[in-house]
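The values are calculated or read from the model by the stated rules, or taken from the named source; none is laboratory data. In this text, all values refer to a predicted model and were calculated from it rather than measured experimentally. Quick reminder, even Gly has a Cβ in these numbers, built from the backbone with ideal geometry, and neighbours come from all protein chains shown.
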Amino acid sequence: RLSVGSEGYAVGERALQRATEWARTRVQGKPPVARRAGPAPIINHPDVKRMLLVMKSQTEAARALTLYAALQFDLATCGADEKVRRGAASRGELLTPIVKGWCTEIGNEVAGLGVQVHGGMGYIEETGAAQYLRDVRITTIYEGTTGIQSNDLIGRKLGRDRGAAMGALVGDMERELQAIGGTDASVDATRKAALEAVAALQSATQALLRTLASRPDAAMAVSVPYLKLSGYVTCGWLLAKSAAIAAAKPAGPDGEFYAAKIRTARFYAAQVLPGAAALARVVEGGGMSVVETDAALI
Ligand SMILES: Cc1cc2nc3c(=O)[nH]c(=O)nc-3n(C[C@H](O)[C@H](O)[C@H](O)COP(=O)(O)OP(=O)(O)OC[C@H]3O[C@@H](n4cnc5c(N)ncnc54)[C@H](O)[C@@H]3O)c2cc1C
């Protein structure tokens, strides 16, 4: 499942590379505040830049999530003591359905945007953008669909330990975000947005545990929104951490790389992470609108 999760964002990464190259060379229209009159490469249009940032931030976030999960399995084997090994194993198991479900859903979204950045040339075959979309489509299906991953997450992972592993993860995210200091305004705004999202995940988890106990069918009806919420929030935390690390680096030849890390995390916090609040609301609302709808009415 971790391999297929990696496949999801890896195809997304290739779609991003191709779309960025296209956007830097395709000339069409005049950006709103262009210095020069006349057509310019489409990367200068705010909406194209936004699409590329959605692609880049989500791909980086999914990669960070997958590597973090892989680290847990390394620690589960090689950790210093039994307590560390047990904690890491439990976190790795909790994260596995999220890596598989979330990173492949992200890969699909990113590859879809890759086609959109190409316009009509993305829909037809010559650019190769549509090939990534076709290739990545299988990743949310094989090795267990997103629906099956979310059943695993809330049934086996959350339900079995009454939210203990998720509670430990939420606690660590909160503690680490609180500890991020420094004077960089972008990092601070990213950190605050990530903290808000962690609080949303925490209250949604409590609500879901109550629903699971009273109406498991209603809980199953919001399991995919819960998996996505967990993906957004864990990624928000990891990107905030990466921005803080980048901001602490001294000036040097990798300055542009670290500046991009900070800007990408800032964008994610401003335009992607707010989606977590909507998902938390869906989870807290419960799935009775699904359960109470007779299948014959669909
Ligand atoms: C190209 C390709 C390669 C594959 N390679 C392999 C392979 O190497 N080895 C292997 O073993 N398999 C392989 N598969 C099979 C693959 O793992 C299954 O297709 C996949 O697990 C989905 O099962 P299904 O096709 O039976 O769909 P179904 O189980 O019929 O699912 C259809 C829909 O119903 C939903 N659904 C089904 N049950 C539940 C439930 N309990 N709760 C909620 N929702 C549910 C699913 O989420 C999905 O949306 C491959 C499939 C493809 C297309």
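Can you tell me which residue in the range 182-192 is surrounded by the fewest Cβ atoms within 10 Å (Cβ to Cβ), limited to those that are of a type in the set (Gly, Ala, Ser) and touching a residue at least 40 places away in the same chain (Cβ under 8 Å)? Can you show your working first?
Pass one, the range 182-192, residues of a type in the set (Gly, Ala, Ser): 182, 185-186, 189.
Cutting the leftovers down to touching a residue at least 40 places away in the same chain (Cβ under 8 Å) gives us 182, 186, 189.
Numbers: Gly182: 12, Ser186: 18, Ala189: 16.
Step by step, filter the range 182-192, then rank; the result is Gly182.
Just wondering, is there one or more residues in the range 72-85 that are outside any helix (DSSP H, G or I), in contact (Cβ under 8 Å) with a residue 40 or more places away in the chain and either over 21 Å from Tyr232 (Cα atoms) or among the acidic types (Asp, Glu) (or both)? No, every residue in the range 72-85 fails to be outside any helix (DSSP H, G or I), in contact (Cβ under 8 Å) with a residue 40 or more places away in the chain and either over 21 Å from Tyr232 (Cα atoms) or among the acidic types (Asp, Glu) (or both).
If you check Leu227, Leu208, Leu195, Leu212 for being surrounded by fewer than 21 Cβ atoms within 10 Å (Cβ to Cβ), farther than 21 Å from Gln178 by Cα and modelled with pLDDT of 95 or more, only one passes: Leu212. Might you check whether a residue that is under 17 Å from the mean Cα position of the chain (by Cα), assigned by TED's automatic domain parsing to the domain that holds Ala64, more than 25 Å from Asp47 (Cβ to Cβ) and within 16 Å of the ligand (Cβ to nearest atom) occurs anywhere in the range 104-127? So far as the range 104-127 goes, yes, one or more of its residues are under 17 Å from the mean Cα position of the chain (by Cα), assigned by TED's automatic domain parsing to the domain that holds Ala64, more than 25 Å from Asp47 (Cβ to Cβ) and within 16 Å of the ligand (Cβ to nearest atom).
Can you find a residue in the range 153-161 that is more than 10 Å from the ligand (Cβ to nearest atom) and either of a type in the set (Phe, Trp, Tyr) or outside any helix (DSSP H, G or I) (or both)?
Looking only at the range 153-161, we keep the residues that are more than 10 Å from the ligand (Cβ to nearest atom), and these are 153-154, 156-161.
Now narrow it down to the ones that are either of a type in the set (Phe, Trp, Tyr) or outside any helix (DSSP H, G or I) (or both): 160-161.
Yes, that holds for at least one residue.
Scanning the range 124-133 for residues that are part of a helix (DSSP H, G or I) and either of a type in the set (S, T, N, Q) or modelled with pLDDT under 95 (or both) yields a single hit, Gln131.
Only residues that are assigned to a helix (DSSP H, G or I) and either surrounded by fewer than 19 Cβ atoms within 10 Å (Cβ to Cβ) or near the ligand (Cβ under 7 Å from one of its atoms) (or both): list them for the range 134-151, please.
From the range 134-151, those assigned to a helix (DSSP H, G or I) are 134-140, 146-151; that's our starting set.
Arg134, Asp135, Arg137, Ile138, Thr146, Gly147, Ile148, Asn151, listed by residue number.
Is it true that some residue in the range 255-263 is under 18 Å from Asp152 (Cα atoms) and either in contact (Cβ under 8 Å) with a residue 24 or more places away in the chain or away from the ligand (no atom under 16 Å from the Cβ) (or both)?
Filtering the range 255-263 down to residues under 18 Å from Asp152 (Cα atoms) leaves none.
Within the range 255-263 (the criterion being under 18 Å from Asp152 (Cα atoms) and either in contact (Cβ under 8 Å) with a residue 24 or more places away in the chain or away from the ligand (no atom under 16 Å from the Cβ) (or both)), the answer is no, since none of the residues qualifies.
Of the candidates Ala185, Ala213, the single residue that is more than 14 Å from the ligand (Cβ to nearest atom) and either within 24 Å of Ala61 (Cα to Cα) or under 17 Å from the mean Cα position of the chain (by Cα) (or both) is Ala185. Within the bounds of the range 162-173, is there any residue that is assigned to a helix (DSSP H, G or I) and within 16 Å of the ligand (Cβ to nearest atom)? Within the range 162-173, not a single residue is assigned to a helix (DSSP H, G or I) and within 16 Å of the ligand (Cβ to nearest atom).
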